[in-house]
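Encoded as structure tokens, the structure appears first; notes follow it.
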Amino acid sequence: MTADVGDTTESTSRPWTVHYTPGTTHDLNYGTTTLCDQFDRAVSAFSDRPATEFFGRLTTYSELGRRVRHAAEGLRLLGVGRGDRVAVLLPNCPQGIVVFYAALRLGAIVVEHNPLYTADELEGPFSDHGAKVVVTWNVITGVVEDLAQRSGSAIEHILAVDLLEAFPTAKRLALRHLPVPALRASRDKLSRPDSHTPHWSALENGPELDFSHPYPSSDDPALILYTSGTTGTPKGATLTHANLVANSLQGEAWVPGLVPGEERFLASLPMFHAYGVTMCVVFGIAQGARLQLVPTPDMDLIMPIMAKNLPTFIPAVPPIYSRILEEADARGISLRGVRNSFSGAMALPDDLIARWESATGGLLVEGYGMTESSPITVGNPMSTARRPESIGVPFPDTDIRIADKDDPSRDAPPGEPGELLVKGPQVFPGYWRNPEATAATFHDGWLRTGDVVRQDPDGFLRIVDRLKEMIVTGGFNVYPSEVEAVLRTAPGIADCSVVGRPGSDGGEQVVAAVVLEPGATLDVDAVRAHCRASLTGYKVPRDFVELAELPTNPMGKVLRKKVAEAVNA
């Protein structure tokens, strides 16, 4: 588990036999299946069924398969081959699905990035993965062009995606009325191709990849997602085809009553997040589901879907569920018929579960995972056996250990809190070409989660503390050291510490404790503007608290728990 993850990785296939709820056994044989195999099976079995829905426009599996074959050949002609990285900076859209599977078909590795990131935030990851081809939203081509000019960049080709090309004709004409500010403000640029950047559509309209082209193997890396941990240094979590296929099959075993080819998955979680790419895309494609894509979880985009084609399966985070309930009630839209809903990334409040299940007649259960595990390792049963305030029990073929918080080589006493360690086919082999970071995240073959849990006598797990310092806000991860590095360059800031403040929705707000330079005064607006120049919006502190000094231990290390107590007092 400590090997350098580069062009190839190793994993061992094994069948699953697991009792995850009393009296229920699943034997899941994923063998050597790849994401490309799953995709091809869906295209063959559900050719005339809708694969994507985007602002009301439907694309069938047959059409999606054709577009993927054409795009794969276009990428191949640009020199993309096995082991090459293809970087993607897109909101959820049909083109994002096409580029994902087209790159994988060539044996390439997809690297998903947040399209709202600044060039400063992207520079480290791009220097690390060295992608030569970038597929980007045409609104932000300037950011990518900036990256391409920086030292260490390997970018050779930039392909711009015009979201309007995936819209129904009527919606294109009515773009000025779209409720998404980023789209509305950029409508002129969205309405025409960039004059200097080649367009992705040229690849989809070119020649088609030969069927004889070699497929990737299940052990090949498929996806890199960057996570900074507590150090602020970007690390590329490398997920193999086997990892992602395993998690989709585990999800299938977890959700009873799925009807292949008939399900509708609300895809509001972004593909640059492990939760979104696995539960909204990989799992959905494996089921032959209709992916109801929205570029951002805006209620003006989600409510028309709820009114016309109610999703049958929703993966989301608590704030999205809460907003859907409020908006549906205000607009008189019935949610009755959403059968299965899965929540992750933050704590799920009990009252939200009750309200959602009352409104839908379905189930809302909480799960747990991390990028390094594709992401889900633990979940509440999708049945009335689910337990509020618990993250559930291990997924099929997932082993867990509850280790002593100070010594992971020892187990915590039964019933006592300890760090959750996991093993399973969904657990990644390591970080992209970073054996030191890989070694640090594993202990004797077990993935260290950094979260402290307590196990009930019947096996259900509850999170009681977090060893990691990561902040979860709106379902997104914020790493304090990354925000602190920017804050320290702001005028008048001598030192700082960034922590999370618990919110009523189960998430957190980013809060900064700052120590000012002698004679300086805190100009909150100016500091926020300074942060926005280098950080995406959700990372910018919502509140600032002045402290005379930061609490430290005898070695001078800042005590974040003490800081949190001070700012949350």
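The values are calculated or read from the model by the stated rules, or taken from the named source; none is laboratory data. On a predicted model such as this, the values are computed, not experimentally measured, just so you know. Note: ideal-geometry Cβ built from the backbone for every residue, glycine included; neighbour counts use all protein chains shown.
For the criterion of being in the same structural domain as T227 (by TED's automatic domain parsing), assigned to a loop (DSSP other than H, G, I, E, B), out of contact with any helix residue (DSSP H, G or I) (no Cβ under 6 Å at 6 or more places or on another chain) and not basic (K, R), P311 passes. Restricting the stretch 334-379 to residues that are part of a loop (DSSP other than H, G, I, E, B) and without any contact (Cβ under 8 Å) to a residue 60 or more places away in the chain, the residue that is surrounded by the fewest Cβ atoms within 10 Å (Cβ to Cβ) is R336.
Is it the case, given these coordinates, that A354 is farther than 22 Å from A253 by Cα, in the same structural domain as S322 (by TED's automatic domain parsing), more than 20 Å from the chain's Cα centre (by Cα) and of a type in the set (G, A, S)? Yes; evaluated as a whole, the condition is true for this residue. Among the residues of the stretch 48-57, are any surrounded by 23 or more Cβ atoms within 10 Å (Cβ to Cβ), among the polar types (S, T, N, Q) and in a helix (DSSP H, G or I)? For the stretch 48-57, residues surrounded by 23 or more Cβ atoms within 10 Å (Cβ to Cβ), among the polar types (S, T, N, Q) and in a helix (DSSP H, G or I): absent. Scanning the stretch 496-522 for residues that are part of a strand (DSSP E or B) and small (G, A, S) returns S497, G500, A512, A513. The set of residues from the stretch 213-247 being surrounded by fewer than 24 Cβ atoms within 10 Å (Cβ to Cβ), of a type in the set (S, T, Y) and either out of contact with any strand residue (DSSP E or B) (no Cβ under 6 Å at 6 or more places or on another chain) or at pLDDT 95 or above (or both) comprises Y215, S217, S218, S228, T230, T231, T233.
Looking at the stretch 63-70, can you tell me whether even one residue there is touching a residue at least 40 places away in the same chain (Cβ under 8 Å), aliphatic (A, V, I, L, M), more than 30 Å from V483 (Cβ to Cβ) and crowded, with 22+ Cβ neighbours inside 10 Å? Taking every residue of the stretch 63-70 in turn, none turns out to be touching a residue at least 40 places away in the same chain (Cβ under 8 Å), aliphatic (A, V, I, L, M), more than 30 Å from V483 (Cβ to Cβ) and crowded, with 22+ Cβ neighbours inside 10 Å.
Please go through the stretch 436-449 and give me each residue that is small (G, A, S), in contact (Cβ under 8 Å) with a residue 40 or more places away in the chain and either surrounded by 15 or more Cβ atoms within 10 Å (Cβ to Cβ) or closer than 22 Å to V317 by Cβ (or both), ordered by number. Answer for the stretch 436-449, where residues must be small (G, A, S), in contact (Cβ under 8 Å) with a residue 40 or more places away in the chain and either surrounded by 15 or more Cβ atoms within 10 Å (Cβ to Cβ) or closer than 22 Å to V317 by Cβ (or both): just A437.
Scanning the stretch 380-393 for residues that are at negative phi, surrounded by 21 or more Cβ atoms within 10 Å (Cβ to Cβ) and either in contact with a Ser or Thr (Cβ under 6 Å, 6 or more places away or on another chain) or assigned to a strand (DSSP E or B) (or both) returns a single hit, V393. For G261, the conditions (1) outside any strand (DSSP E or B); (2) at negative phi all hold with the exception of (2). Answer with yes or no whether T197 is assigned by TED's automatic domain parsing to the domain that holds R67, touching a strand residue (DSSP E or B) at 6+ places or on another chain (Cβ under 6 Å) and modelled with pLDDT under 90. Judged against the criteria, T197 is a match.
Considering only residues of the stretch 402-419 that are touching a residue at least 40 places away in the same chain (Cβ under 8 Å) and surrounded by 12 or more Cβ atoms within 10 Å (Cβ to Cβ), which is farthest from D451 (Cα to Cα)? Only one residue tops the list, namely P408. Do we find that V422 is of a type in the set (A, V, I, L, M), part of a strand (DSSP E or B), touching a residue at least 40 places away in the same chain (Cβ under 8 Å) and buried (at least 22 other Cβ atoms within 10 Å of the Cβ) in this structure? So V422 fits the description; yes.
Based on this model, can you work out whether G537 counts as on the phi > 0 side of the Ramachandran plot, out of contact with any Ser or Thr (no Cβ under 9 Å at 6 or more places or on another chain) and either at pLDDT 90 or above or among the acidic types (D, E) (or both)? No: the conditions fail for G537.
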